[in-house]
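What follows draws every value from the coordinates through simple rules; no lab data is involved. Not measured: the values here are computed from a predicted model. With ideal geometry, Cβ positions are generated from the backbone for all residues, glycine too; neighbour counts draw on all protein chains shown.
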Amino acid sequence: MQTHGIDPGTGFLDRSSCLELVSKLAFSAAAGNQLLAALWIDLSRLKQVNESFGHLGGDLVITQIAQRLREKSAGRGEWCRMGGDEFVCLIPNCDAEHTRQLAQDLLQAIEAPLRFGELFLHPSASIGIAILEQDEDPFAFLERADRAMSTAKRQGGGRAVASGEEPMPGRLGILLAREELAIENKLHLALENGGLSLHYQPIVGFDGRVEAVEALMRCTFDNELIPPARFIPVAEKTGLIIRLGEWSLLAGARYASQLDQAGYRTKVAINVSRAQLASPKFAQALHAALLCANVHPELIELELTESLFMDISETVQSNLNAAQKAGVGLAIDDFGTGYSCLANLKDIPATKLKLDRAFVIVLPQDRRAFSVIKAMSQLGRELGMTVVAEGVEEQSQLDSLREAGVDAIQGYIHAHAMPEEALLSWFQKRKTR
């Protein structure tokens, strides 16, 4: 005979008692300004066990797993059975770190082989984690744990996912984590309300000439500066990088024209993403930027990773050809890491080679890095390319790069990236020296 509120197979609270308990614990947590955590656990493949060994076999597995959960949690939470193969553990006074650790411990306990007659079963589970937020409805709190568990299942199971980490549809239907959703929204608003800007970092030759300035995107929303390392990955994931790239092309081209009119005939280098170059509309956007800015094409340079030059897709190759025909320069960015293949250099239609900062930061102590830079500098020069070293901050690095035969330097040793007006002032100060 079933005892009211208790699941007979596990001894855990049943679903209705769980819903009552979560309300009480949430009220107590809020009143005492304390934490409350929930783990929602879903066992995998119980249906197959039922089909193979019958429901009695499935019940036996549930009973043994429940015993493991009880022993591993060691009285740290209240256990509830929410359905056939789903459990909830409500844990008062437990922060996110300790809740995540408990989830990992429970996964390990569940996954230990389970003897079933002459066989050994290998159970697994998916776990969702939620921490009660201020003034949150208790049932919404449980639902967050349930959604996080569903995400863990979609990711292949055998893992724990915390609420806020699970992807949700953004404006463009792409699944994003909670922080990414917020950044995506800010990017849209920044595009609509003028929250984007370009800062420019000079590239200076050893002869003192400013070889170019690189345009680096900045995003500000409600006076909050969002670092590129946070918004660029979201833009790439959602496809917004194409709109951001088109905006950069136009803004950078306009500034190149402005510099030219002010008497500083300096190239503006603009970063181009893979998504942009793979878009059929890239050539159209490039020509539109040049036309609207009324800028000489030779004052614009596109910075691309080497893998883009090697992309054999028809669209990418067509866009590279269109950029060349338009008269803009092409530069290989971050050369020397990842994809780089020296055999391909002879076929790349680039006029500039930018060495990754990973080679620079170890100078002058690392003589092997110095030798690599020296070899690449000579090779680049013989191929008709200007060789630039990125991330230069110290005089000793500058001296080593001069010795290695690098043509130009980009880094804090000359200037940080700066807004348009600040760069104009920087140019003016150099002119009056």
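Summary table
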{"item": "Local electrostatic count at residue 136 - Lys and Arg +1, Asp and Glu -1, tallied over other residues with Cβ under 11 Å", "result": "-3"}
{"item": "Crossing angle, helix 395-404 versus the chain [Cα axis fit, 0-90 degrees, rounded to tens]", "result": "60"}
{"item": "Over region 175-431, relative contact order from alpha-carbon pairs under 8 Å, at least 6 apart, %", "result": "18"}
{"item": "The chain - percent relative contact order, Cα under 8 Å, separation 6 or more", "result": "10"}
{"item": "Mean ellipticity per residue at 222 nm, deg cm²/dmol - from DSSP H runs of n ≥ 4 across the chain, formula -39500 (n - 2.57)", "result": "-15000 deg cm²/dmol"}
{"item": "Angle between the chain longest axis and helix 15-31 axis [Cα atoms, degrees, rounded to 10]", "result": "60"}
{"item": "Read-out semi-axes √(5λ) of the Cα gyration tensor in Å, derived from the coordinates shown; its label in (1) 58, 24, 21; (2) 55, 26, 20; (3) 31, 26, 23", "result": "(1)"}
{"item": "Which of 292, 89 has the fewest Cβ neighbours within 10 Å, and the rest in rising order", "result": "292, 89"}
{"item": "Student exercise, the chain dipole from Lys, Arg, Asp, Glu Cβ charges, in Debye to nearest 20", "result": "840"}
{"item": "For region 175-431, size of Cβ-based charge dipole, Lys and Arg +1, Asp and Glu -1, in debye", "result": "340"}
{"item": "Gain upon complete extension [residue 230, residue 118; 0.36 nm per residue less C-alpha separation]", "result": "35.0 nm"}
{"item": "Extreme residue, positive dipole direction of the chain, given options 158, 233, 299 (C-beta unit charges)", "result": "299"}
{"item": "Cross-link table 281/346; 24/72; 325/354; 186/352; 281/374; 354/429, entries beyond 31 Å C-alpha to C-alpha", "result": "186/352; 281/374"}
{"item": "Per-residue Cβ neighbour rank within 10 angstrom, fewest leading, 257, 28", "result": "28, 257"}
{"item": "Residues of type lysines that residue 431 reaches as a straight line, Cα spacing below 25 Å, ignoring anything fewer than 8 places off in the same chain", "result": "267"}
{"item": "Rough spin-label spacing in nm, given labels placed 7 Å along Cα→Cβ, for residue 365 and residue 412", "result": "1.7"}
{"item": "Using alpha-carbon coordinates, inclination of helix 420-431 to the longest axis of the chain, degrees", "result": "40"}
